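All remarks here apply to the structure that follows.
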Amino acid sequence: MARIAGVNLPTNKRVMIALRYIYGIGPTNAVEICERVGIAANRRVNQLTEDEIVRIRETIDRDYTVEGDLRREVAMNIKRLMDLGCYKGLRHRKGLPVHGQRTHTNARTRKGPSKPIAGKKKVTK
């Protein structure tokens, strides 16, 4: 089992897919890392040598912000917006969608489960 950036990579998946389990590495970065290290696209994690795992680990540590550092950076950016009191910060503070989505219907992911309104009765026809 390969452990990179504090994440255990699944052993029987292809390397490009397994690297995506690391927070901050998506499809493009995974392909780029494999090209830099010189790993074929169809290799699986359990076929990697220790030397290749070390090279992947060094490449990620040197060139990418991942896992805890990236999470901290994102949280600090959101906190900065909230402290500034700008529109995006206010939306984060209220727990509403930030990127201009409608909230009259939908937006349940950000707003949470619907709350009943006191005194309002359903109209029956």
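For Thr28, project a label point 7 Å along Cα to C-beta. Then give me every residue of the stretch 62-86 with its amide nitrogen under 17 Å of that point. Under cut-off, by backbone N: 63-66.
In the chain, a dipole from Cβ-located charges (positive for Lys and Arg, negative for Asp and Glu) runs towards its positive end, and of Thr65, Ala41, Gly85 it is Gly85 whose Cα lies farthest in that direction. Compared with the alpha-carbon gap, the fully stretched path from Thr124 to Thr49 is longer by 20.1 nm at 0.36 nm per residue. Under a model in which nothing but the beta-carbon of Lys, Arg (+1) and Asp, Glu (-1) is charged, the stretch 40-88 shows a dipole of about 320 debye around its Cα centre. Annotation: extensible slack from Arg36 through Lys115 equals 23.3 nm (criterion: 0.36 nm per residue apart, minus Cα-Cα distance). Listed by chain and number, the lysines whose C-alpha is less than 28 Å from the C-alpha of Lys121, apart from same-chain residues fewer than 8 away, are Lys94, Lys111. Computed packing ranks the peptides 109-122, 15-28 as 15-28, 109-122, most packed first, by mean other Cβ atoms within 10 Å. The radius of gyration of the Cα set in the stretch 21-125, together with its Dmax, comes out at 22.3, 72 angstrom. Remark: relative contact order (the stretch 1-73) = 36 percent; criterion is Cα-Cα distance under 8 angstrom and separation of 6 or more residues. Listed by number, the DSSP H helices of the chain that run 18 Å or longer by alpha-carbon position along their axis and have mean Kyte hydropathy of at least -1.0 are 67-84.
On the basis of the beta-carbon distance and an R0 of 30 Å, Asp63 and Arg93 show a calculated FRET efficiency of 0.30. Here the stretch 19-76 yields Rg over Rh of 1.00, to two decimals, using C-alpha coordinates and the Kirkwood radius.
Estimated from helices alone, the mean residue ellipticity of the chain at 222 nm is -14000 deg cm²/dmol (sum of -39500 (n - 2.57) over DSSP H runs with n ≥ 4, per residue).
Just so you know, all these numbers are worked out from the coordinates, no wet-lab data involved. None of the values given here were measured: they were computed from a predicted structure. Cβ atoms come from the backbone with ideal geometry, glycine included; neighbour counts cover every protein chain shown.
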